[in-house]
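Enquirer: After the structure tokens below, expect a handful of questions from me.
The values are calculated or read from the model by the stated rules, or taken from the named source; none is laboratory data. This is a predicted model, so every value here is computed, not measured. When we count neighbours, we look across all protein chains shown, and the Cβ atoms used for this are built from the backbone with ideal geometry, even at glycine.
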Amino acid sequence: MEQLYKVVFTGQLTPEADREEIISSLNRQFGTSVEKAKKLLEAGKKVLLKQRLDRDKAEKYRQALEDMGLVVTLEAMASEPAQSGITLEPVETRNTADTDSVDQAESNPYAAPQSELEVETAGGDMIGPTRKPIGNGWRWVTRGFWHFRQNPFAWVGAMVVWAVISVVVSLIPFIGSLAVTIFSPVVLAGFMIGAEFQDRGDDFKIGHLFAGFSSSLGQLVLAGVLYLVGLILCGVAIAIMMGGMFAMLGGMGGMGEADPEMIAAVMSSPTMMLSLLVGLGLMIPVIMAYWFAPALIALEGVSAIYAMKQSFMGCLKNVLPFLLYGIIGTVLLVLGFLPLALGLLIVIPIFVASIYASFRDIYYE
């Protein structure tokens, strides 16, 4: 008979583990309620998490839980049909050969909802970033539309709420626009979490707009700060190049004494166009580093710096599908502006959802 195993939490956490992040991860990835996750961490003794698994699957559970910061072990047991659900039951109180295990799990204070525990948040192992064919650029858009049509009112509502908040916050002198940029990864992470919920068969809700505030908030904000710094440096570079051209117009006297025809000639000169293109080109690596960072931080719990490195590599490996993706996006944005820009209420949510679709495609099996 095939040797089966049980996954047991030792009651210990790894030295670098963060309890709040573990609770959030258990809730997000495994569907364990916050209350039961807290009880698990506070038990202070061995707790049975899963049983009757073959070696490969048991190893996947162990790896997923250890990545969160839990110290777990695999223990051999008698070969029996696999049971679904994470039980979170103290080992000392459980008879693993008991055929009424489900009833025991329901009466145990550490038992979690009886649903299949997935190693990855929406199925599949994270292996990326991988290189995808150019046609996947279109697939990302169509998958984004799939997410949107599952609950269009919630997607539109969340976008409208974020737009209103952004406008109001931007009215605050100086710091308003900075705050919007810094917290944009937090909001985008919320949309990614909502899209992941849809992949698991749940609904996207307007409340997902704020889900990022309870999932690695510090790292998401750090990603926003790094993104803002990158944009500022690109802006400074563009200003320096354009400023040098303007200085040529009036010599030592400045632009005030320059001939208007000379201004027009310099503005339309190949040198000015090249300077502008070079400056804008500097923004592309910044955008590449930012593109998948919120999803990686919120859904994988990685650091901001690591997420931005992985995001850059994911974009770099998929230049061709992103080229097609950008062309399609440009066309749809133009169409979205035509009917008094009302079409953007559909186009923008689709493309936000498509970020999640491309993330799943590039980084997972």
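Enquirer: Is it fair to say residue 357 is in contact (Cβ under 8 Å) with a residue 60 or more places away in the chain, within 13 Å of residue 156 (Cβ to Cβ) and of a type in the set (A, V, I, L, M, F, W, C)? Lay out the reasoning, then the answer.
Expert: Working: in contact (Cβ under 8 Å) with a residue 60 or more places away in the chain: yes; within 13 Å of residue 156 (Cβ to Cβ): no; of a type in the set (A, V, I, L, M, F, W, C): yes.
So residue 357 does not fit the description; no.
Enquirer: Can you pull out the residues in the range 305-346 that are farther than 30 Å from residue 218 by Cα and touching a Leu at 6+ places or on another chain (Cβ under 8 Å)?
Expert: Residues satisfying the conditions are 333, 336, 337, 343, 344.
Enquirer: State the number of residues belonging to the range 297-325 that are under 21 Å from residue 141 (Cβ atoms) and in contact (Cβ under 8 Å) with a residue 24 or more places away in the chain. Walk me through it before giving the result.
Expert: Of the residues in the range 297-325, the ones under 21 Å from residue 141 (Cβ atoms) are 299, 311, 314-325.
Okay, now just the ones that are also in contact (Cβ under 8 Å) with a residue 24 or more places away in the chain, so 299, 314-318, 320-325.
Selection size over the range 297-325: 12.
Enquirer: Could I ask something else about it? Can you find a residue that is outside any strand (DSSP E or B) and at pLDDT below 70 anywhere in the range 57-66?
Expert: From the range 57-66, those outside any strand (DSSP E or B) are 57-66; that's our starting set.
If we keep only those that are at pLDDT below 70 too, we end up with none.
For the range 57-66, residues outside any strand (DSSP E or B) and at pLDDT below 70: absent.
Enquirer: Here are 32, 10: which of them is over 23 Å from residue 217 (Cα atoms), among the hydroxyl-bearing types (Ser, Thr, Tyr) and touching a Leu at 6+ places or on another chain (Cβ under 9 Å)? Break it down stepwise before answering.
Expert: Values: 32 fails: over 23 Å from residue 217 (Cα atoms).
Step by step, each of 32, 10 is checked, and only 10 is over 23 Å from residue 217 (Cα atoms), among the hydroxyl-bearing types (Ser, Thr, Tyr) and touching a Leu at 6+ places or on another chain (Cβ under 9 Å).
Enquirer: Just give me the residues in the range 179-214 being among the aromatic types (Phe, Trp, Tyr) and either in contact (Cβ under 8 Å) with a residue 12 or more places away in the chain or surrounded by fewer than 16 Cβ atoms within 10 Å (Cβ to Cβ) (or both), in sequence order. Reasoning before the result, please.
Expert: Of the range 179-214, the ones among the aromatic types (Phe, Trp, Tyr) are 183, 191, 197, 204, 210, 213.
Once the filter is applied, which keeps residues that are among the aromatic types (Phe, Trp, Tyr) and either in contact (Cβ under 8 Å) with a residue 12 or more places away in the chain or surrounded by fewer than 16 Cβ atoms within 10 Å (Cβ to Cβ) (or both), the range 179-214 yields 183, 191, 204, 210, 213.
Enquirer: Still on this model: Hey, among the residues in the range 327-365 that are under 21 Å from the mean Cα position of the chain (by Cα) and small (Gly, Ala, Ser), which one's modelled with the lowest pLDDT?
Expert: Filtering the range 327-365 for residues that are under 21 Å from the mean Cα position of the chain (by Cα) and small (Gly, Ala, Ser), the one modelled with the lowest pLDDT comes out as 329.
Enquirer: Can you find even one residue in the range 223-233 that is farther than 30 Å from residue 273 by Cβ, assigned to a helix (DSSP H, G or I) and under 15 Å from the mean Cα position of the chain (by Cα)? Working first, answer last.
Expert: If we filter the range 223-233 for residues that are farther than 30 Å from residue 273 by Cβ, which is where we start, we get 223-225.
Subset that is assigned to a helix (DSSP H, G or I): 223-225.
So of that shortlist, the ones also under 15 Å from the mean Cα position of the chain (by Cα) come out as 223-224.
Yes: one or more hits.
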